Amino acid sequence: MGFIRAFANQIYPLSEESLYLFKSIIVTQKFSKNESYVLLGDFTDKFYILKSGVTRAYTADEKGKVHIRTLFVPITTTGSLSALIKNSPSEATYDCLTDCEMLVGDYPAFLKLTQEHHELAIFHAKILENVFIKVVQRIQELTTLNATERYLKLKKDAPNIDNLIQQYHIASYLNITPVQLSRIRKELYSKEK
C-alpha cells in the first residue's frame, strides 16, 4: 500500500479506509517496452497510475508522422481521460517507451466509490484538477517557450530522460526535429564546459 499512499499524498491524503477502498479496485500490471495500453479509437474503462517507466500519448498525421502529445513519468496518472469521461473512443494511442509497471484501475467502480464516499469524491476532483493544470501548462509551454526552454523544462521534470528514451521521442514531444534537438544539446553541453 506504500506506493498507493505516496500517490494519494501527492494529490489529496486519504484515510486508511479510503486507501483500502481505492486499492480494492486496482491491480498491478507490468507492460513491455512498445506495448500499447490504450489504442486510438478504443473505448476504455480503465485508468492507469504509472509506477515505473516512461509512457507516451501520441497521434499520427495523414503522412504517418507521429506527434507525441504527452510524456508520462512516475508518479502520475495516464490513459485517455477524455475517453473515460465522455465514454467515447480514445483520440490518441498510449504506449510504453520503456518497460513499465502500472496500477490499473476500474474507472466505473471508482466513480461508484466517489458517489458513496465523500473523501474519494474530493480525491477524484483533485486528480481532475491536476490533469487540467498539466494540460494548461503544456499548452503554455508550447506557446511561450522556445525549444531550448522546453527541453530544459523537460530535463527539470525528468532529469534522466535522455538515458531512458530515444532522442526522436524527445524531439517529437518538444515539437522539434531530432536535428534541432541535437543542436540544442550540443549548445548546452558546450556551455557547461
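The values are calculated or read from the model by the stated rules, or taken from the named source; none is laboratory data. These figures come from a predicted structure and were not determined experimentally. For accessibility, only protein heavy atoms count, side chains too; no ligands or nucleic acids. Shrake-Rupley method; radii C 1.70, N 1.55, O 1.52, S 1.80 Å.
Descriptive notes on the structure:
- Here the 3J(HN,Hα) profile of the range 91-105, calculated from phi with Karplus coefficients 6.51, -1.76 and 1.60 at θ = phi - 60°, is 9, 8, 9, 10, 9, 9, 8, 9, 4, 9, 10, 9, 8, 10, x Hz, Gly and Pro shown as x.
- The residues of the range 52-134 have, on average, 48 Å² of accessible surface per residue, using a 1.4 Å probe with all protein chains present.
- Helix 178-192 vs. the chain, principal-axis angle (Cα, 0 to 90°, nearest 10): 80
- Lys pairs, the range 102-184 - Cα-Cα below 24 angstrom, 8 or more residues apart or on other chains: 7
- Tilt relative to the chain, helix 107-116 - C-alpha long axis, 0 to 90 degrees, to 10: 50
- Taking the accessible area of the range 1-101, probe 1.4 Å, and keeping the other protein chains in place, the carbon and sulfur fraction comes to 50%.
- Per residue, the average separation of C-alpha pairs within less than 8 Å and at least 6 apart gives the chain a relative contact order of 24 percent.
- log₁₀ of I(q)/I(0) at q = 0.31 Å⁻¹ - the range 101-145, Debye sum with one point per alpha carbon: -1.02
- Calculated P(r) of the chain - Cα pairs past 30 Å, %: 24
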